[in-house]
Amino acid sequence: MTIELVDGKAGTAHISSEDKAIIHQAKFSKSDVVFDWGDAFKCSMSSSNRATVGTGCASIQGLDWHITSAESVTISNGSQGMKRNDIICAHYNRNPKNGNELVELVVLKGSPNATAAADPTIPSGKILSGAVDAYMPLWRIPLDGITVGTPVRLFTPRGALWDSVTQTCQLTWQNTASFVPASYGASNTITVKDGLIFVDLSSFRSTVKVGDYRVWLFEAGVKPSKTIDLGCVANVAGAAYGKQARWNADGSVTLIGGVNSSDIVQCFPKIIPVPDGVEFV
């Protein structure tokens, strides 16, 4: 049979991790989720080589896991004159011989670079498709030479049943000298609720001439799983045309068609439905 009452008594052990992953993905989305519990995996550097991750609760591809007492991981020494990004991940592994599963914290080490650090590649793997390894990024640890910087959080904690309530993307200006915000502007947020996307971008005056440009950068909150066309979101003062925008998968918003120096871009609120196939992470 392909129908199963997962939480019902069957007279024999029958609930598998696959059952729970399917149900949790349906409830909370297919994306990895960190819930607002405990310390929400707060990370701090207890020494130049040790990062401590606090208590928390999460779901990796629908499989729940938690930390009930702070865990520490080792950060390798940096190199003089080189920059590097390491990523602390939750690593899921299934033993192919006996099927036993576990989650542990690991550090993916980035490649040193003299000018700009880049995050290491996060290995991909779909647990429900049979992958024995999957990785959930939690924190970026930046190194500049032998100096370890402040950990950068790579997730936003979600409240209980977060997928049924409001989700917000907070944006920030790419450059407030190039794009001078209106004195009493909007919130620069994109909010997702009840299948709708609410766009609230602030008006601004441009001091530069650019083409299609990411005027607003991601600051915090959710990002779309793929680019969303937001449609017309602004008028240009004194001009007989509007400006369209798109919400990118990295959370930023691109203004399409460019602006000229001294253009006053008057943004207005916009509501559109969530496109099919888009999730928010």
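The values are calculated or read from the model by the stated rules, or taken from the named source; none is laboratory data. Just so you know, these numbers come straight off a predicted model, no measurement behind them. Glycine gets a Cβ as well: all are built from the backbone with ideal geometry, and neighbour counts include every protein chain shown. Keep in mind that these areas ignore ligands, DNA and RNA; they rest on the heavy atoms of the full protein, side chains included. Shrake-Rupley method; radii C 1.70, N 1.55, O 1.52, S 1.80 Å.
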- Message: Let me spell it out: the conditions are (1) open to solvent by less than 30 Å² (accessible area, probe 1.4 Å); (2) part of a loop (DSSP other than H, G, I, E, B), and V208 meets all of them except one. Which number is the exception?
- Response: (1)
- Note on the structure: Only unsatisfied item for A117, checking (1) out of contact with any helix residue (DSSP H, G or I) (no Cβ under 7 Å at 6 or more places or on another chain); (2) open to solvent by less than 60 Å² (accessible area, probe 1.4 Å); (3) hydrophobic (A, V, I, L, M, F, W, C); (4) part of a strand (DSSP E or B), is (4)
- Task: For the stretch 220-257, enumerate the residues that are on the phi > 0 side of the Ramachandran plot and outside any strand (DSSP E or B).
- Result: G238, G251, G257
- Message: Based on this model, can you work out whether G62 counts as of a type outside the set (A, V, I, L, M), open to solvent by less than 20 Å² (accessible area, probe 1.4 Å), over 25 Å from V278 (Cβ atoms) and assigned by the TED database to the domain that holds I146?
- Response: no
- Message: Just to be sure before I move on: is V210 of a type in the set (A, V, I, L, M) and more than 19 Å from S31 (Cα to Cα) in the structure I sent?
- Response: yes
- From the options D194, D144, residue that is open to solvent by 70 Å² or more (accessible area, probe 1.4 Å) and within 30 Å of M45 (Cβ to Cβ): D144
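Could you tell me whether the stretch 19-31 includes any residue that is over 20 Å from R158 (Cα atoms), modelled with pLDDT under 85 and either surrounded by fewer than 18 Cβ atoms within 10 Å (Cβ to Cβ) or out of contact with any helix residue (DSSP H, G or I) (no Cβ under 7 Å at 6 or more places or on another chain) (or both)?
The first filter runs over the stretch 19-31 and keeps only residues over 20 Å from R158 (Cα atoms), leaving 19.
In the following step, the residues that additionally are modelled with pLDDT under 85 were identified as 19.
Next, only the ones that are either surrounded by fewer than 18 Cβ atoms within 10 Å (Cβ to Cβ) or out of contact with any helix residue (DSSP H, G or I) (no Cβ under 7 Å at 6 or more places or on another chain) (or both) stay: 19.
The answer is yes, given that some residue of the stretch 19-31 is over 20 Å from R158 (Cα atoms), modelled with pLDDT under 85 and either surrounded by fewer than 18 Cβ atoms within 10 Å (Cβ to Cβ) or out of contact with any helix residue (DSSP H, G or I) (no Cβ under 7 Å at 6 or more places or on another chain) (or both).
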